[in-house]
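First the structure, in the form of structure tokens, and then the observations on it.
The values are calculated or read from the model by the stated rules, or taken from the named source; none is laboratory data. Please read all numbers here as calculations on a predicted model, not as lab measurements. All Cβ positions, glycine included, derive from the backbone under ideal geometry; neighbour counts span all protein chains shown.
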Amino acid sequence: MPPLQSLKRRRDFLAIAATRQKYVAKGFILQIRKHPEQEDLIRIGYTVSKKVGNAVERNRVKRRLRAASQLIMPEKARPACDYVLIGRRNALTCSFDRITRDLSDALTRLNEGQ
């Protein structure tokens, strides 16, 4: 399994959003982009808008999404792909089980389309 790396630059986030390949779940939106230049790498980024809440709530959503992705991504993510998880307000109240199940479903559906 290739290692997971974090996306940091805004242009990477915008490039992934421009592909318009996404899955909308109750607690998050998952976006994907094929990245053929680096075939042995999986990159993932997290973002949460100020609409979700104050800094404490946004950080809690990010922590929940990171924990879910660390469980699911190693087995479901495809190499040479970039992923962005956009946190939604419902991620605060959803059960962690639901978030991991939705992430698994999202990866399955999006990877079929690649």
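Quick look at the numbers
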read-out	value
Inter-residue pairs, beta-carbon under 8 Å, first over 18 Å from Ile44 (Cα atoms) and in region 92-114, second of a type in the set (A, V, I, L, M) and part of a loop (DSSP other than H, G, I, E, B), 6+ apart	Leu92/Val52
Qualifying residue in region 65-82 (condition: farther than 30 Å from Glu37 by Cα and either at pLDDT 95 or above or not in a strand (DSSP E or B) (or both))	no
Boolean, Leu85 is surrounded by 13 or more Cβ atoms within 10 Å (Cβ to Cβ), in a helix (DSSP H, G or I), at pLDDT 90 or above and not small (Gly, Ala, Ser)	no
Scan of region 91-114 for residues that are touching a strand residue (DSSP E or B) at 6+ places or on another chain (Cβ under 8 Å) and either under 19 Å from Lys8 (Cα atoms) or not in a helix (DSSP H, G or I) (or both), ordered by number	Gln114
Criterion (under 20 Å from Arg9 (Cβ atoms) and within 15 Å of the chain's Cα centre (by Cα)) met by exactly one of Arg66, Arg88	Arg66
Residues (in contact with an Asp or Glu (Cβ under 9 Å, 6 or more places away or on another chain) and more than 14 Å from Asp102 (Cα to Cα)) located in region 53-85	Pro79, Ala80, Asp82, Val84
Boolean, Asn90 is on the phi < 0 side of the Ramachandran plot and surrounded by 13 or more Cβ atoms within 10 Å (Cβ to Cβ)	yes
Residues of region 29-58 classified as assigned to a loop (DSSP other than H, G, I, E, B) and among the β-branched types (Val, Ile, Thr), total	1
Subset of region 38-54 [exposed (fewer than 11 other Cβ atoms within 10 Å of the Cβ) and either closer than 18 Å to Thr93 by Cβ or touching a residue at least 24 places away in the same chain (Cβ under 8 Å) (or both)]	Glu39, Asp40, Lys51, Asn54
